[in-house]
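Report on the structure given below.
Read the figures in this text as sums done on the coordinates, not as results from a lab. Because the structure is predicted, anything quoted here is derived from the model rather than measured. FYI the Cβ positions are ideal-geometry reconstructions off the backbone, even for glycines, and counts take in every protein chain you see.
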2 protein chains.
Amino acid sequence: MRTTHVPVPPPASDTEGTMESHPAPGGHSVRTRSQHQRRKRIVQAAAALASRGGVEAMQMRTVAERAGVALGTLYRYFPSKMDLVVAVVGEEIDLLESSIERRPPGAATPSSRAVDVLMRATRGLMREPELADALIRSLIMAEVQTPFGDRMTGLLLRVSADGLSLEEASEEQTDLAGSLASVWVQELLEMLRGRRTYDQIQRRIETAAARLLADI
Amino acid sequence: MRTTHVPVPPPASDTEGTMESHPAPGGHSVRTRSQHQRRKRIVQAAAALASRGGVEAMQMRTVAERAGVALGTLYRYFPSKMDLVVAVVGEEIDLLESSIERRPPGAATPSSRAVDVLMRATRGLMREPELADALIRSLIMAEVQTPFGDRMTGLLLRVSADGLSLEEASEEQTDLAGSLASVWVQELLEMLRGRRTYDQIQRRIETAAARLLADI
DNA sequence: CCGCAAACTAGAACAGATTCTAAAAGCTGT
DNA sequence: ACAGCTTTTAGAATCTGTTCTAGTTTGCGG
């Protein structure tokens, strides 16, 4: 076994449990500033590499080198490559969320607001196809629980069901938003495989959203 | 680069293009009988190993050994581990299809017939969690186009829209069936991650199917 | 300033997928 | 039976994720 919940006491790894990403004022062993910086350097190096040649280019040795840390240290911060990818994705989602906040979808119906958000995310990802490919795939594969789906679902609920959060929503509402997120993820995958165009995705998402979020 | 459309002329690999799996009377360079048998032995060995310890246990060296072929030969038939997994999955879907044929879903509404099929598939996969895990994940990751989603979509159309095939269905019908298949795949993944129970999946699939296939 | 535990580093070691090579085996047409 | 071709084979070699080791550096309580 490998990627298993090891009880290591090292630098507080965010992106776990029920999420949280930023410098997050957790409550536990908040390490030194230099550690935060090291972590940041690592994630940046990883993202930079991934945005070039995808996951393949994001080799652990290379990341460590570019980030100026030893391989062992890299593994101390991120027990597996997947964990690193998850962290990179976290940043991307942060970006999307703040973008939504800055310019919230203004459409009239819940479903069109949801479509708006999803297509905005799609365009964002399309801008760096290599990175997108790397991230999406890796996340789907992740053994560990990734906040990806949940964050996306929460985002959808928020924009479609008038500011509802994941906790306040009814089970059915969560199910429906989650389903739409699923459809989106799969469409994204198909696009990365070269089997969908942007327009096709939009059509499918619109169709699905119209039905799933009809009376949400 | 690696898993790239290499122009190798070796044994006709099925599970490509628009699908086909069985001994299939394609039309191209059908190699000798011994090659079919070799191929079959490989896939069997792979499936056997995967149903034990998942993809991890399905190591290329081991597969080659058990199938009684050289490693090089294995790679000649299946250019990458993923391709091998795709082949194994093909067999599983065949099983599901013939099961459906033997005992077609009898429910009254299109959506409940679809739910019936999906949950039957779910149970089938749950029986061999290791294999299921290996297969689903690998398929999603596959660089190559896998017939998985399409076959599932076709199956759904067939049982829900009164025997419609992928070709005859309207674009919207295909979109809707495809979306339901997407939701199912994601739920399956969540289950494999230990985040869904059978009942939860059933509820979500029912909810999604009811809306997506309402008037199909 | 001292000493200790945790964090870090350089680099070797290991594991499994994939590739490469040289030689043996299998077929095909003559 | 033979030459010329492709397929197989055994095994070494390569590549990248991950682990391990030994030694160095850093942060901190005294």
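With N counted as the residues of the range A:82-212, its alpha-carbon radius of gyration over 2.2 N^0.38 Å works out to 0.99. Derived scalar couplings between HN and Hα for the range A:135-140 equal 5, 4, 4, 4, 5, 5 Hz in order, rounded to whole Hz, by the Karplus curve 6.51 cos²θ - 1.76 cosθ + 1.60 (θ = phi - 60°), x for Gly and Pro.
If you plug the beta carbon distance of B:Arg41 and B:Gln200 into 1/(1 + (r/R0)^6) with R0 = 35 Å, you get a FRET efficiency near 0.35. Semi-axes of the equivalent ellipsoid for the range B:145-198, computed as √(5λ) from the eigenvalues of its C-alpha gyration tensor and ordered from largest down, come to 24, 11, 9 Å. By the Stokes-Einstein formula, at 1.567 mPa s and 4 °C, the range A:33-81 with its Kirkwood radius over alpha-carbon pairs has D equal to 124 µm²/s. For the range B:80-93, the Karplus equation 6.51 cos²θ - 1.76 cosθ + 1.60, evaluated at θ = phi - 60°, returns couplings of 8, 4, 4, 4, 5, 4, 4, 5, 4, 4, x, 4, 4, 5 Hz by residue, with Gly and Pro reported as x.
Of the peptides B:195-201, B:130-136, the order by per-residue mean of other Cβ atoms within 10 Å, starting with the highest, comes out as B:130-136, B:195-201.
Note that the range B:191-205 has calculated 3J(HN,Hα) couplings of 5, 5, 7, x, 10, 9, 9, 3, 4, 5, 4, 4, 4, 5, 5 Hz, one per residue in order, obtained from phi through the Karplus relation 6.51 cos²θ - 1.76 cosθ + 1.60 (θ = phi - 60°); glycine and proline are x.
For B:Gln200, the point set 7 Å out from Cα toward Cβ sits 3.2 nm from its twins in the other copies, listed from shortest up.
Sorting B:Ser99, B:Ser182 from the fewest to the most surrounding beta carbons within 10 angstrom yields B:Ser99, B:Ser182. For peptide B:179-191, how many partner chain Cβ atoms fall within 10 Å of a residue's Cβ, on average? For peptide B:179-191, the averaged partner shielding equals 6. Packing here is the average count of other Cβ atoms within 10 Å per residue, and on that basis the peptides B:101-108, A:174-181, A:116-123, highest first, run A:174-181, A:116-123, B:101-108. Loop-located GluC sites (Glu not before Pro) in the range B:139-216 (DSSP state other than H, G, I, E, B) with a sparse environment of at most 15 neighbouring Cβ atoms within 10 Å: B:Glu167, B:Glu168.
Ordered by the number of other Cβ atoms lying within 10 Å of each residue's own Cβ, fewest first, B:Thr207, A:Thr62 fall into the sequence A:Thr62, B:Thr207.
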